[in-house]
Amino acid sequence: MSDLLLAVDVGNTNVSIGVFDYGDGVPALAHHWRVGTRREETSDEVAVTLRALFEQTGDRVEGIANVILSCVVPPLLPIWERVCAKLFGRAPLVVGPGTRTGLPVRYENPREVGADRIVNSVAALELMGAPVIAVDFGTATTFDCISDQGEYLGGAIFPGIHVSMEALFERASMLHRVEIARPRSVIGRTTTAALQSGLLFGYAGLVDSMIERIREELGAQARVVATGGLAQRIAGEAKHIERVEPFLTLEGLRILFEKNRTEGGAGPRKEK
């Protein structure tokens with residue numbers, strides 16, 4: 001079996017998992033899954049889930065040569081490290097301080113930057129060039145900004161659309177949960193349509209406004225790439241999102257693995 005790289009991004013709401021195959025020398029995302037994040041999950045439960053996912057594809061976990069992991073839920077980091085030891089007999093490469101990124105970080109305290117934000121920025125820079133803005137529609141919506149010199153400058157964070165929606169419904173007794181879908185018009189003639197208008201068009205306007213403000217500070221017409229569960233839907237209404245990459249984070253993990261664990265520019269190799 002060809003050497004496989006397992007890339008895992010543990011987020012607050014979901015865990016994104018991808019398997020990259022280097023069989024022909026060119027990495028390809030062979031499989032990908034998204035499962036819910038459960039903070040109470042044990043390493044045994046995670047291992048069972050991983051094995052079941054691999055069985056769906058006809059592959060075996062024994063084919064995994066290396067693992068790279070980013071995690072923004074600290075209690076789950078040791079859980080996943082134990083899973084890697086049990087299933088793959090090796091520790092994962094964990095994205096964090098000391099990871100070679102090729103991306104100078106100009107944050108006042110670089111340790112405060114979430115691993116997922118750095119991963120997205122590395123992928124966005126390689127995909128789009130500099131300057132670039134990476135927008136991730138997750139639990140939080142994040143804007144990560146790369147200068148024309150290829151430096152990570154920081155960005156903006158605000159509540160994701162689902163978080164905002166749930167907070168509204170918890171505080172407003174007369175409002176109800178709705179599907180995030182495009183209403184017939186901006187002026188909603190029912191409560192459902194009014195909510196959908198505010199959630200979709202309002203959020204798209206917020207995104208466009210932030211991009212415009214960021215571009216003013218960057219002093220350049222930065223490219224914009226989006227990722228995350230609602231990226232495609234918001235991009236359809238926003239003016240400034242140029243490209244949607246559903247697997248931006250997984251690709252960023254692959255790029256970081258290659259920067260940190262390769263020999264002579266080759267793909268990942270199973271350690272002997």
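The values are calculated or read from the model by the stated rules, or taken from the named source; none is laboratory data. Because the structure is a prediction, the values reported are computed rather than measured. Because the Cβ atoms are built from the backbone with ideal geometry, glycine has one as well, and the counts that use them run over all protein chains shown.
Which members of region 46-85 meet the condition of being in contact with an Asp or Glu (Cβ under 9 Å, 6 or more places away or on another chain), part of a strand (DSSP E or B) and among the β-branched types (V, I, T)?
Matches in region 46-85: I64 only.
Here are some residues: N66, N120. Which one is surrounded by 20 or more Cβ atoms within 10 Å (Cβ to Cβ), assigned by TED's automatic domain parsing to the domain that holds R38 and touching a helix residue (DSSP H, G or I) at 6+ places or on another chain (Cβ under 7 Å)?
Values: N120 fails: assigned by TED's automatic domain parsing to the domain that holds R38.
Result: N66 is the single residue among N66, N120 that is surrounded by 20 or more Cβ atoms within 10 Å (Cβ to Cβ), assigned by TED's automatic domain parsing to the domain that holds R38 and touching a helix residue (DSSP H, G or I) at 6+ places or on another chain (Cβ under 7 Å).
Go through G267, G219 for me and flag whichever is crowded, with 18+ Cβ neighbours inside 10 Å, at pLDDT below 95 and over 19 Å from the mean Cα position of the chain (by Cα). Outline the logic, then answer.
Details: G219 fails: crowded, with 18+ Cβ neighbours inside 10 Å.
From the options G267, G219, the qualifying one is G267.
For region 54-96, enumerate the residues that are under 12 Å from I17 (Cβ atoms), modelled with pLDDT of 95 or more and either over 23 Å from the mean Cα position of the chain (by Cα) or hydrophobic (A, V, I, L, M, F, W, C) (or both).
Result: V67, I68, L69, W80, V83.
Has region 162-179 got at least one residue that is closer than 28 Å to A222 by Cα, surrounded by 13 or more Cβ atoms within 10 Å (Cβ to Cβ) and in contact with a helix residue (DSSP H, G or I) (Cβ under 6 Å, 6 or more places away or on another chain)?
no
Which one of D9, D44 is among the charged types (D, E, K, R) and in contact with a helix residue (DSSP H, G or I) (Cβ under 6 Å, 6 or more places away or on another chain)?
D9
Of the residues E108, E112, which single one is surrounded by fewer than 17 Cβ atoms within 10 Å (Cβ to Cβ) and closer than 25 Å to S16 by Cβ?
From the options E108, E112, the qualifying one is E112.
Taking region 1-12 as the region of interest, how many residues are over 19 Å from E62 (Cα atoms) and either touching a strand residue (DSSP E or B) at 6+ places or on another chain (Cβ under 7 Å) or acidic (D, E) (or both)? Let's see the steps before the verdict.
Initially, region 1-12 is screened for residues over 19 Å from E62 (Cα atoms), giving 9-12.
Checking which are either touching a strand residue (DSSP E or B) at 6+ places or on another chain (Cβ under 7 Å) or acidic (D, E) (or both) leaves us with 9-10.
Matching residues across region 1-12 total 2.
Considering only region 187-197, I want to know if a residue exists there that is in contact (Cβ under 8 Å) with a residue 40 or more places away in the chain and in the same structural domain as A124 (by TED's automatic domain parsing).
So in region 187-197, the residues in contact (Cβ under 8 Å) with a residue 40 or more places away in the chain come out as none.
No: zero hits.
Tell me yes or no: at least one residue of region 235-251 is in a strand (DSSP E or B), surrounded by fewer than 17 Cβ atoms within 10 Å (Cβ to Cβ), in contact (Cβ under 8 Å) with a residue 24 or more places away in the chain and under 16 Å from the mean Cα position of the chain (by Cα).
Taking every residue of region 235-251 in turn, at least one turns out to be in a strand (DSSP E or B), surrounded by fewer than 17 Cβ atoms within 10 Å (Cβ to Cβ), in contact (Cβ under 8 Å) with a residue 24 or more places away in the chain and under 16 Å from the mean Cα position of the chain (by Cα).
Return yes or no: is T227 surrounded by fewer than 16 Cβ atoms within 10 Å (Cβ to Cβ) and in the same structural domain as R117 (by TED's automatic domain parsing)?
no
This table checks each residue for (1) touching a strand residue (DSSP E or B) at 6+ places or on another chain (Cβ under 9 Å); (2) of a type in the set (A, V, I, L, M).
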residue	(1), (2)
F88	yes, no
V105	yes, yes
E112	no, no
N120	yes, no
F137	yes, no
D144	yes, no
I180	no, yes
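Any residue at all in region 20-30 that's over 22 Å from the mean Cα position of the chain (by Cα), surrounded by fewer than 21 Cβ atoms within 10 Å (Cβ to Cβ) and over 20 Å from I255 (Cα atoms)?
no
Regarding D208, is this residue buried (at least 16 other Cβ atoms within 10 Å of the Cβ) and within 23 Å of the chain's Cα centre (by Cα)? First the steps, then the outcome.
On the way: buried (at least 16 other Cβ atoms within 10 Å of the Cβ): yes; within 23 Å of the chain's Cα centre (by Cα): yes.
Yes.
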